[in-house]
């Protein structure tokens with residue numbers, strides 16, 4: 001571990017945050033810690049095309065959640081939605097939890113471009129979202145509710161559950177069986193699922209889709225400037241993947 | 001404290017396609033024109049980092065900030081109208097070019113049938129084909145009268161296409177540029193529809209097949225099929241928009257200026273004329289009055305209607321009595337279609353907004369409706385717009401929406417799924433209309449527009465018939481699984497459907513049934529013009545922009561004439 005002094009190793013991180021290693025299951029926290037390993041070999045998405053490596057210190061971290069406990073619940077939940085498998089990384093490996101955390105700290109979390117003036121009434125489903133809760137408030141409450149459900153159903157912390165037990169809780173949200181205040185659990189599930197897909201497949205400049213791995217799995221080549229030469233091709237075309245960070249000059 | 005500015009010949013409210021065309025034509029004729037745009041300036045140079053699905057397609061970076069202004073919505077008059085708090089069903093524009101900046105570029109001329117729909121339907125099927133709850137009416141202009149203006153719009157825009165559709169109106173000249181490239185995906189559709197007896201042709205496109213210089217001297221580049229059109233601006237200047245054509249044309253005359261961050265809140269009227277508009281500078285909060293000889297409302301459908309309503313110009317439509325015209329005949333679009341899952345991988349990520357093939361055999365009155373329980377139909381197309389990975393996660397029937405099976409299926413099918421979609425006509429109904437909301441206000445204290453809308457029996461029948469036809473085409477294309485679109489239930493403002501809203505400020509030959517005359521001149525104020533898809537008396541089976549462009553060119557000619565002679569143009 002030659003780079004331990006330059007960066008913050010996983011062990012160091014665990015010590016400094018006081019997270020009990022015994023509480024960790026699966027690969028969750030390890031994946032969740034990806035961003036804390038500020039190492040030179042930690043090449044992130046800002047990789048230049050044409051084989052040229054663009055070294056970036058990966059200083060990702062939490063901008064919204066205040067505790068690793070909340071963040072780890074989020075991480076495990078999104079990993080169940082988009083799991084690691086033989087195709088490639090899941091939500092944690094792709095950095096989705098950081099993507100969501102970072103989004104919640106900004107315009108998205110505060111519903112800045114949305115009409116948030118009262119009065120507020122429940123309305124019909126065809127009328128869309130009608131709550132005064134911001135997404136940031138909804139996520140914080142939703143994560144707490146997941147933790148509560150884990151305690152209630154299995155007398156454990158959410159991150160200590162087996163995958164199938166986590167699925168049972170997520171399904172309860174999806175079926176609107178969990179009571180939330182100011183918002184339905186079904187709606188929270190929909191937003192959580194959508195945010196997971198956004199984090200997985202957005203350009204890596206937003207801190208998810210690490211190394212464009214989700215694009216690679218899906219055969220989406222990213223930011224290509226032109227397909228003029230190949231648009232009539234009968235053959236399925238593959239390209240060197242490109243992020244918008246390739247456009248930095 | 002309101003500052004009154006120097007009077008101009010013409011002021012346009014909004015600078016998108018409507019404002020750009022009116023601005024260019026009036027400025028070329030020597031009139032001094034000001035365009036008031038509530039958003040910011042933008043152009044090709046701003047789009048070099050545009051290949052960003054998340055920022056532009058999911059977070060709507062180019063679109064209206066609903067925190068400042070939105071609409072309220074209810075399905076019917078018994079429901080409490082509530083604000084559309086988040087963008088969904090349609091994507092409102094803001095900034096130079098308006099929603100025309102992030103259009104796909106499908107450029108159609110409505111069918112000759114559309115303009116005389118009431119007369120032709122009554123003649124062929126009798127007066128009772130539809131119940132009297134449907135407010136079907138002729139537009140007051142014919143296709144032949146509009147043809148020169150369609151031609152003018154297409155030449156200005158350099159539209160790429162081929163005159164191979166036996167069903168559309170007669171063209172005086174061929175398309176300015178040849179059709180786009182016919183890809184393997186398009187050929188699948190071509191082969192299948194031909195086999196089924198239909199007549200496929202390349203979709204008329206404002207993503208240009210080759211470089212083009214228009215009659216005003218503006219140059220457009222060749223489309224690169226990059227797959228980022230709809231919801232995006234074009235970094236090549238290869239998608240025709242107002243900001244790369246008519247707006248620079250207007251500016252070159254020296255008679256035209258755009259004032260940004262200028263949000264119009266009222267049209268000022270004295271007697272039977274308007275005197276100008278009041279606007280708020282959104283950067284300082286200052287109020288200004290811009291006096292003008294002619295005022296032209298060229299913002300979106302919603303805002304054009306709202307400005308007339310808050311300014312008390314015209315009689316509000318009353319669904320109980322059927323009296324009044326302002327807000328009447330709101331139309332949307334019915335979207336039948338089918339999705340097909342294939343075995344082979346296809347280059348679905350490549351494409352262009354208008355790269356497609358269409359059949360018109362099931363549009364308008366191109367097929368017999370005697371034994372059918374609806375009128376009109378839809379253009380049915382396959383388009384290869386470039387599908388992107390966040391939004392496109394195609395799942396065969398009965399697949400879970402999350403978890404490992406979801407991941408596998410959505411990844412596998414991403415490059416193996418095609419869709420056929422119809423742009424279905426929307427026939428106005430007495431219960432579908434626009435009005436002012438009594439409770440909710442925008443950031444400037446002006447009431448929000450209220451939308452009352454639901455799908456009708458006619459819509460459901462049209463949708464069902466054409467969905468079945470789409471599924472049959474998809475089967476013929478060789479899909480191993482065909483998934484027809486779900487039946488229409490109630491209109492839902494949440495999922496994206498289409499930004500083809502129409503009506504509310506409709507045109508016509510009779511002042512008792514329309515807001516503006518056939519020159520788009522307001523019946524109650526001869527120097528006020530209203531331009532846009534709000535003029536459509538019903539919504540046809542195509543995208544609206546080609547028809548909006550033709551109406552705008554015709555209105556511009558009328559405005560220039562009015563500026564010399566005054567009086568009613570009809």
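Numbers for the structure displayed
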quantity	calculated
Chain B: angle of helix B:404-414 to the longest principal axis, Cα-based, in degrees nearest 10	80
Burial ranking of peptide ranges A:101-111, B:121-131 (average Cβ count within 10 Å, highest at the top)	A:101-111, B:121-131
C-alpha center-to-center spacing [the range A:208-249, the range B:81-109] in angstrom	28
Test item: A:211-221 mean partner chain Cβ contacts at 10 Å	4
Sorted peptide list for B:5-11, B:349-355, criterion being average Cβ within 10 angstrom, highest first	B:349-355, B:5-11
Burial ordering of B:357, A:237, fewest other beta-carbon atoms within 10 Å first	A:237, B:357
Relative contact order %, chain B, counting alpha carbon pairs below 8 Å whose residues are six or more apart	23
Contour minus Cα-Cα distance for residue B:125 and residue B:199 (0.36 nm per residue)	24.1 nm
Sequence of B:63, B:507 once ranked by neighbouring C-beta atoms within 10 Å, starting from the fewest	B:63, B:507
Enclosed volume per residue, in Å³, of the convex hull spanned by Cα atoms of the protein assembly as shown	164
Efficiency of FRET between residue B:162 and residue A:144 - r from beta-carbon atoms, R0 56 angstrom, step 0.05	0.40
Degrees between helix B:301-310 axis and first principal axis of chain B (Cα, 0 to 90, nearest 10)	30
Spacing of the two label points (7 Å from each Cα toward its C-beta) at residue B:77 and residue A:186, in nm	3.0
Normalised convex hull volume, the range B:483-570, alpha-carbon set, Å³ per residue	123
Label-point separation, residue B:461 to residue B:399 (7 Å along Cα→Cβ), nm	3.6
Principal axes of chain B: Cα extent on each, largest first, Å	66, 54, 50
Whole-Å distance, taken between Cα centres, linking the range B:252-269 and the range A:72-90	52
Inter-probe distance in nm under a simple model that places probes 7 Å from Cα toward Cβ, at residue B:568 and residue A:130	4.5
All-pairs Cα distance distribution in the range A:163-208, expressed in whole percent, bin size 5 Å	5, 23, 20, 19, 15, 12, 6, 0
Cβ crowding within 10 Å averaged over residues, with B:240-253, B:154-167 ranked highest first	B:240-253, B:154-167
Cβ neighbours within 10 Å from other chains - mean over B:404-410	5
Shielding score for B:62-71, defined as the mean number of other chain Cβ atoms within 10 Å	3
Taking B:310, A:159 and counting other C-beta atoms within 10 Å, the order from fewest to most	B:310, A:159
Crossing angle, helix B:457-476 versus chain B [Cα axis fit, 0-90 degrees, rounded to tens]	40
Hypothetical label at residue B:561: residues of the range B:105-149 whose amide nitrogen lies under 17 Å (7 Å Cα-Cβ projection)	B:140-149
Computed [θ] at 222 nm, deg cm²/dmol, the protein assembly as shown (DSSP H ≥ 4; -39,500 (n - 2.57); rounded to nearest 500)	-8000 deg cm²/dmol
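Computed from the coordinates by the stated procedures, all read-outs in this text should not be read as laboratory data. Here the structure is a predicted model, which is why all the values come from computation and not from measurement. Ideal geometry is used to build each Cβ from the backbone, glycine not excepted, and the neighbour counts take in all protein chains shown.
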